[in-house]
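Structure record follows, encoded as structure tokens.
The values are calculated or read from the model by the stated rules, or taken from the named source; none is laboratory data. Please read these numbers as outputs of a predicted model, since none were measured by experiment. In case anyone asks, the SASA skips ligands and DNA or RNA and just uses the protein heavy atoms, side chains included. Shrake-Rupley method; radii C 1.70, N 1.55, O 1.52, S 1.80 Å.
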Amino acid sequence: MHARKDSLPASILASIRSRKKRLDAAHMEARPRSAGTLIASYNVHKCVGTDRRFDPERTSRVIHEIGADVIALQEADTRFGERTGILDLGRLERETGLIPVPIAGMAKAHGWHGNVVLFKKGLVHDVHQIKLPGLEPRGALVAEIELEEGGVLRIIAAHFGLLRHNRAQQAHTLVELIKDRHEMPTILLGDLNEWRLGDRSSLNTFQSAFGELPPAVPSFPAGLPLLALDRIIANRKGIITEVEAHDTPLARIASDHLPIKALVNLQQAGR
């Protein structure tokens, strides 16, 4: 009799098996946060939850839960027309201190093709809105943030397409964008829509600019995460902690994606 082979990657199986431990830990007292800048990525699914209810207030509460210093949101605008923003950014700023990285030419939208970067403290320099190739309207928002604790961090917030060929093109576009500017610590984060791992992944293009990709963390679907569609990738070894999902009862219902997060410490930057 032959032993049955697991049909899912080991990292995803481990995530499923440890889910009960994570849920139990959610009821325990929160651990003190380590030093560093907390960054996060969250596809808010146009504020429509797994219960099919449109609830921007609930989405804002999840963002408040995360407590990030810098957070990239995807699908924060309506999809067509003027792509009107759907969050109350003024209230979000009052409650969390987060303000949006400014963009040009989008009067009613929060972000660029639904991508929004919010930050708490620091100065923003050199913002770029990148149109990504593909059949769907996709984009990336690039910003350099001078952190209050010292150092400058380049953030690339992106939302990739549903077609593998388009994702490979989009990854190539971003690699070309930063290949001559590799001197700055850079974090790529967002919903990259790639569920394949290993040699079949369209994200392998990033290895030339970011090195070996970190372990995938399942974030979709929110109720029982199996696929690592959302990613946080750094171009310096050691500057981010292990990426983890923000898995809470509210996050499990507010969107079809769980947020993901990691700590950045530029003092640990290596080459």
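So, taking all protein chains as they sit and a 1.4 Å probe, how much accessible area belongs to Ile232, in Å² rounded to tens?
Probe radius 1.4 Å; accessible area of Ile232 about 10 Å².
Report the normalised scattering of the stretch 104-253 as log10 I(q)/I(0) at q = 0.08, 0.14, 0.19 Å⁻¹, calculated by the Debye formula with identical scatterers on the alpha carbons.
Evaluating at q = 0.08, 0.14, 0.19 Å⁻¹ gives log10 I(q)/I(0) of -0.22, -0.72, -1.34.
Check which residues have an amide H placed less than 5 Å from Arg138's amide H, if you skip close sequence neighbours.
Hits under the 5 Å cutoff: Leu132.
Express in whole angstrom the spacing between the alpha-carbon centres of the stretch 142-211 and the stretch 90-133.
Going from one Cα centre to the other spans 18 Å.
How would the stretch 201-271 be classified by its alpha-carbon gyration tensor: rounded, prolate or oblate, with rounded meaning a/c under 1.5 and the a/b versus b/c comparison settling the rest?
oblate
Just check the stretch 70-177 against the gyration tensor rule for me: Cα atoms, a ≥ b ≥ c as the square roots of the eigenvalues, rounded for a/c under 1.5, and otherwise prolate or oblate depending on whether a/b exceeds b/c. Show your work: numbers first, answer last.
Details: a/c = 2.31, a/b = 1.28, b/c = 1.81.
Oblate shape, in that a/c is at least 1.5 and b/c is the bigger or equal ratio.
For the stretch 168-210, take the alpha-carbon Rg, divide it by the Kirkwood Rh, and send me Rg/Rh.
0.96
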